[in-house]
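The values are calculated or read from the model by the stated rules, or taken from the named source; none is laboratory data. Note that this is a predicted model, so its numbers are computed, not measured. FYI the Cβ positions are ideal-geometry reconstructions off the backbone, even for glycines, and counts take in every protein chain you see.
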Amino acid sequence: MSEKIKCLIIGSGPAGYTAAIYTARANLNPVLYEGLQPGGQLTTTTEIDNFPGYPEGVSGPIIMDQLKAQAQRFGTDVRFGCITKVDFSKRPFKVVADNVHEIEAETVIIATGATANYLGLESEEKFKGLGVSACATCDGFFYRNKDVAVVGGGDTAAEEASYLAGLCNKVYMIVRRDVLRASKAMQEKVMNNPKIEILWNHNTVEVLGDSSGVTGARLRNNKTNEEKNIDIHGFFLAIGHTPATSLFKDYIELDEQSYIKTKPGTSKTNVPGVFACGDVQDPNYRQAITAAGSGCKAAIDVERFLSEN
């Protein structure tokens, strides 16, 4: 026998938990599956200074524990595990958890998030949260008046470099080709900024550091094979994100980067009754606070949908 529920939430970042808080308070008895990384990307962040309501700052794991506790306080059934199969061809939607448990859900909120792409270096992993970051808006503040590097040559890298140039002493852009993929306007912006130095045809061989965190990076010139070290305190990745959408691709409309397409101003997907919130549908902002806000929207959309159907 499959379990029948009104609202299933897939994912446990700020979007998923906020959706849970709102749907639980609306007496929809939501069931939330946490996924492979309970708490989402924020659990890998040591210090969060820009989430409203925490004047002294807060660690990522603490804020996620608090959001989870708040969702549970209103009756959310939070489960450790993964949704492994979905069938969104008709309502109620059929899903399978952990390959065995069958669920029939009247509505589904997808909040599976996106993960930043990394270079795959051992040293990069070692200094994650200690100078290695994939979000300049989140962590740039900690490197005021210091030297930093940004890896990438697209619009995101150019934006991150420009943002960091407003805070930092110097910004190196590490670009593996001899051109930028960024738009013309963004190219001009970085090239005309005296604080930004573009290192063309370079790859990162190793992130250097000690017990205090990142102290530099070893780079290799693709053309000459020469290696050199740069002295930096922050190493920022801007080589894209991968949204966790492969499970839904047979039913849900995705954009060319595999983000879920939602109807403008709403959390509605192309399937009535299936909603998406957080980074899984947001390639632009990717902040905890915008994810939480979109989780609230998804919950309200679910509530309205159920009252109309």
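Among the numbered criteria (1) in contact (Cβ under 8 Å) with a residue 24 or more places away in the chain; (2) assigned to a strand (DSSP E or B); (3) buried (at least 16 other Cβ atoms within 10 Å of the Cβ), which one does Val96 miss?
(1)
Can you name the residue in the range 135-152 that is surrounded by 15 or more Cβ atoms within 10 Å (Cβ to Cβ) and at pLDDT 95 or above and is also farthest from Lys223 (Cα to Cα) among such residues?
Looking at residues that are surrounded by 15 or more Cβ atoms within 10 Å (Cβ to Cβ) and at pLDDT 95 or above, I get Tyr143.
Of everything in the range 253-267 that's closer than 25 Å to Cys138 by Cβ and not β-branched (Val, Ile, Thr), which residue is surrounded by the most Cβ atoms within 10 Å (Cβ to Cβ)?
Filtering first and then ranking leaves Ser267.
Considering only the range 239-253, state which residues are farther than 23 Å from Thr18 by Cβ and either touching a strand residue (DSSP E or B) at 6+ places or on another chain (Cβ under 6 Å) or in a loop (DSSP other than H, G, I, E, B) (or both).
Across the range 239-253, the qualifying residues are Ile239, Gly240, Lys249, Asp250, Tyr251, Glu253.
Out of the residues in the range 74-110 that are among the small types (Gly, Ala, Ser) and in contact with a strand residue (DSSP E or B) (Cβ under 9 Å, 6 or more places away or on another chain), which is nearest to Thr262 (Cα to Cα)?
Selected residue: Ala105.
Determine if the range 119-129 includes at least one residue that is assigned by TED's automatic domain parsing to the domain that holds Leu208, of a type in the set (Phe, Trp, Tyr) and surrounded by 17 or more Cβ atoms within 10 Å (Cβ to Cβ).
Yes, the conditions are met somewhere in the range 119-129.
Of everything in the range 38-93, what is within 22 Å of Ala114 (Cβ to Cβ), small (Gly, Ala, Ser) and part of a loop (DSSP other than H, G, I, E, B)? Give them in sequence order.
Gly39, Ser59, Gly81
Run down Ile83, Ile103 and say which single residue is surrounded by 16 or more Cβ atoms within 10 Å (Cβ to Cβ), under 30 Å from Pro30 (Cβ atoms) and out of contact with any Lys or Arg (no Cβ under 8 Å at 6 or more places or on another chain).
None of the others qualify; the one that does is Ile83.
For (1) among the charged types (D, E, K, R); (2) at pLDDT 95 or above; (3) crowded, with 17+ Cβ neighbours inside 10 Å; (4) assigned by TED's automatic domain parsing to the domain that holds Cys82, each residue gets a yes or a no:
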| residue | (1), (2), (3), (4) |
| --- | --- |
| Tyr251 | no, yes, no, yes |
| Thr269 | no, yes, yes, yes |
| Pro272 | no, yes, no, yes |
| Pro283 | no, no, no, yes |
| Arg304 | yes, yes, no, yes |
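Please indicate, with yes or no, whether at least one residue in the range 37-52 is surrounded by fewer than 23 Cβ atoms within 10 Å (Cβ to Cβ), at pLDDT 95 or above and at negative phi.
No, the range 37-52 contains no residue that is surrounded by fewer than 23 Cβ atoms within 10 Å (Cβ to Cβ), at pLDDT 95 or above and at negative phi.
Pairs only if they're at least six apart or on different chains, beta carbon under 7 angstrom, first in the range 219-247 and more than 30 Å from Val86 (Cα to Cα) and in the same structural domain as Met173 (by TED's automatic domain parsing), second at pLDDT below 95 and exposed (fewer than 14 other Cβ atoms within 10 Å of the Cβ); list them, first residue then second.
none
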